[in-house]
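Report on one structure; see the data block that follows.
What follows draws every value from the coordinates through simple rules; no lab data is involved. Everything numeric here is computed off the predicted structure, so don't read it as measured data. Don't worry about glycine lacking a Cβ; one is built from the backbone with ideal geometry, like all the others, and counts go over all protein chains shown.
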Amino acid sequence: MGDFMQSYMFLVPFIGWLVAVIIKTFTNFFYYGNYNLKLSFSNGGFPSVHTATMITTTTYIGLYDGLSSTTFILAICIAFIVMVDATHLRRSIGRHAAILNEINHNYKLHEKEGHSYFQVFSGVVIGIFTGYILYMFC
């Protein structure tokens, strides 16, 4: 089975993304009481899908290539950029959208941008487990 994953390593980020979206769909169902697929595929919310996708890939690279490989170091750098973007830049965009929506009621900007630290941390945990499971069992 290891040969299969070596041939299809490009599936690792997709599987990480899929796991996070499935978890996000179920948490949205328990929180809002209905299945809203649009909400599951939107930015923001629990968990951070971008973070889970990147950390799944980073974990797999670290286990496959080694923790001292240049590929793993590059993946860690990109993962930190994704996490900082989620908790700071995109969250600020959501706050600005809320203010602009109060000022001008003619249009509705998407306010649910970015993530809390807990949502990003949850994406990290999901990504580590998913990457580890993919490495160990595939």
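From most to least packed by mean Cβ count within 10 Å, the peptides 94-105, 51-62 give 51-62, 94-105. Counting 0.36 nm for each residue step from Phe121 to Phe10 and taking away their Cα separation leaves a gain of 37.6 nm.
Computed from backbone phi with θ = phi - 60° and the Karplus coefficients 6.51, -1.76 and 1.60, the 3J(HN,Hα) list for segment 9-24 is 5, 5, 7, 4, x, 5, 5, x, 4, 4, 4, 5, 5, 5, 4, 5 Hz; x is used for glycine and proline. Among Leu89, Leu18, the ranking by other beta carbons within 10 Å of each residue's beta carbon, starting with the fewest, stands as Leu89, Leu18. Which shape class applies to segment 42-82: rounded if a/c is under 1.5, otherwise prolate when a/b exceeds b/c and oblate if not, where a ≥ b ≥ c are the square roots of the Cα gyration tensor eigenvalues? Because a/c hits 1.5 or more and a/b exceeds b/c, segment 42-82 counts as prolate. Label-to-label distance for Ile128 and Asp65 is 2.1 nm, based on points extended 7 Å past Cα in the beta-carbon direction. Going from the fewest other Cβ atoms within 10 Å to the most, the residues Ser122, Ser92 appear in the order Ser92, Ser122.
Amide hydrogen proximity for Ser69: with H placed 1.01 Å from N in the peptide plane, no residue at 5 or more positions away or on another chain lies under 5 Å. Taking one quarter of the surface of the C-alpha convex hull of segment 49-138 gives a mean projected area of 6.4 nm².
In this rough spin-label picture, where each label sits 7 Å from Cα along the Cβ direction, the His88-Leu18 distance is 3.4 nm.
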